[in-house]
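Participant: My questions all concern the structure below.
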Amino acid sequence: EDGTFKPNGKMTAAETLLFCARAAGVDPTVQNQIAADRQEEMYQVLPTSNNMNVWAAKEMAVAVEAGVLSIAELEALSQVDPATVTSESAGRTKLEQTMSRENICMYLVRAMQLEPLARSLATYPLSYGDRNEISSALQPYVYVLTNFGIVKGKETGNFDPKGAVTRAEMTTMLCRA
């Protein structure tokens with residue numbers, strides 16, 4: 001809102017997916033066509049909170065079209081998280097909350113069109129101190145990005161799979177990608 005980048009600010013799931021859509025490298029003319037083709041669908045699926053169904057629609061349409069996430073995954077992320085509902089608040093959608101580092105790896109691998117590689121792996125040894133905390137289904141994605149030098153973990157030698165990513169960290173991953 002104030003024109004600053006806020007590098008230490010935690011990325012929301014929506015912001016993360018928009019960054020991943022940009023990493024897919026879709027030509028701007030094609031982006032506009034995808035957005036036009038999926039305009040009504042995005043308007044219906046994306047939450048109206050913060051006008052997300054307007055400002056995020058184009059890049060979310062690209063993310064769906066490029067295979068970064070499925071429409072079913074986007075619908076699930078667009079639902080209000082019951083854990084955020086209080087007597088004072090109707091709650092926030094999962095798109096408005098942070099996304100775990102391990103999930104970000106999955107979406108970034110998809111954006112880079114490397115999911116077939118991740119799915120084909122039989123073993124994926126990780127050297128992070130907290131490797132056992134990485135969900136088994138997401139370990140191949142973390143492994144692929146680690147091997148390509150896109151994620152390097154924390155200074156402590158841990159990956160922090162359930163932790164959030166800052167804007168600076170996400171920008172660094174995208175530059176490496």
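Participant: Among the residues of the stretch 165-177, what is the count of those that are open to solvent by less than 30 Å² (accessible area, probe 1.4 Å) and under 22 Å from Glu115 (Cα atoms)? Before the answer, list the steps.
Facilitator: Kept after step one, since they are open to solvent by less than 30 Å² (accessible area, probe 1.4 Å), are these residues of the stretch 165-177: 165-166, 170, 173.
Restricting the remaining residues to those that are under 22 Å from Glu115 (Cα atoms) gives 165, 170, 173.
The qualifying residues number 3.
Participant: Now for a separate question. Test each condition in (1) open to solvent by 20 Å² or more (accessible area, probe 1.4 Å); (2) touching a Gly at 6+ places or on another chain (Cβ under 8 Å); (3) hydrophobic (A, V, I, L, M, F, W, C) for Phe159 and report the one that comes out false.
Facilitator: Answer for Phe159: the failing condition is (1).
Participant: Closer than 19 Å to Glu169 by Cα, within 17 Å of the chain's Cα centre (by Cα), touching a residue at least 40 places away in the same chain (Cβ under 8 Å) and open to solvent by 20 Å² or more (accessible area, probe 1.4 Å): which single residue out of Ala66, Ala23, Ala13 fits that description?
Facilitator: Result: Ala23 is the single residue among Ala66, Ala23, Ala13 that is closer than 19 Å to Glu169 by Cα, within 17 Å of the chain's Cα centre (by Cα), touching a residue at least 40 places away in the same chain (Cβ under 8 Å) and open to solvent by 20 Å² or more (accessible area, probe 1.4 Å).
Participant: Let me ask something else about it. Condition test on Leu117, is it under 15 Å from Ala14 (Cβ atoms) and of a type in the set (A, V, I, L, M, F, W, C)?
Facilitator: So Leu117 fails the test.
Participant: As an exercise: evaluate Glu59 against (1) in contact with a Leu (Cβ under 7 Å, 6 or more places away or on another chain); (2) of a type in the set (Asp, Glu); (3) open to solvent by less than 20 Å² (accessible area, probe 1.4 Å) and give the number of the one condition it does not meet.
Facilitator: Every listed condition holds for Glu59 apart from (3).
Participant: Starting from the stretch 38-56, keep only residues that are open to solvent by 90 Å² or more (accessible area, probe 1.4 Å), then list their pairs with residues that are assigned to a helix (DSSP H, G or I) and modelled with pLDDT of 90 or more whose Cβ atoms are within a distance under 6 Å, requiring at least 6 positions of separation or different chains.
Facilitator: Tyr43/Asn53
Participant: Tally time: how many residues in the stretch 8-25 are within 17 Å of Ser78 (Cβ to Cβ), out of contact with any Lys or Arg (no Cβ under 8 Å at 6 or more places or on another chain) and among the aliphatic types (A, V, I, L, M)?
Facilitator: Count: 4.
Participant: Please name all residue pairs, on different chains or six or more residues apart, with Cβ atoms under 6 Å, provided the first residue is in the stretch 81-92 and is closer than 14 Å to Ala13 by Cβ and the second residue is at pLDDT 90 or above and open to solvent by 50 Å² or more (accessible area, probe 1.4 Å).
Facilitator: That search, which allows pairs on different chains as well, returns Asp81/Lys94; Thr84/Arg92.
Participant: Filter the stretch 128-147 down to residues that are charged (D, E, K, R) and assigned to a helix (DSSP H, G or I) and give me whichever is nearest to Phe159 (Cα to Cα).
Facilitator: Among them, the one singled out is Arg131.
Participant: Sticking with this structure for a sec: Being at pLDDT 95 or above and open to solvent by 50 Å² or more (accessible area, probe 1.4 Å) is the requirement here; does Glu88 meet it? Explain how you work it out, then say what you get.
Facilitator: Details: at pLDDT 95 or above: no; open to solvent by 50 Å² or more (accessible area, probe 1.4 Å): yes.
In short, no.
Participant: Another question, if that's okay. State all residues of the stretch 135-156 that are modelled with pLDDT of 95 or more, of a type in the set (Ser, Thr, Tyr) and more than 14 Å from Leu114 (Cα to Cα); if no residue qualifies, say none.
Facilitator: Step one: of the stretch 135-156, the residues modelled with pLDDT of 95 or more are 135-151.
Narrowing the set further to residues that are of a type in the set (Ser, Thr, Tyr) leaves 135-136, 141, 143, 146.
Within the stretch 135-156, Ser135, Ser136 qualify.
The values are calculated or read from the model by the stated rules, or taken from the named source; none is laboratory data. Given the structure is predicted, the values throughout are model-derived calculations rather than measurements. As a convention, Cβ positions derive from the backbone with ideal geometry for all residues, glycine included, and neighbour counts pool all protein chains shown. To get the accessible areas, we keep the full protein, side chains included, count just its heavy atoms, and leave off ligands, DNA and RNA. Shrake-Rupley method; radii C 1.70, N 1.55, O 1.52, S 1.80 Å.
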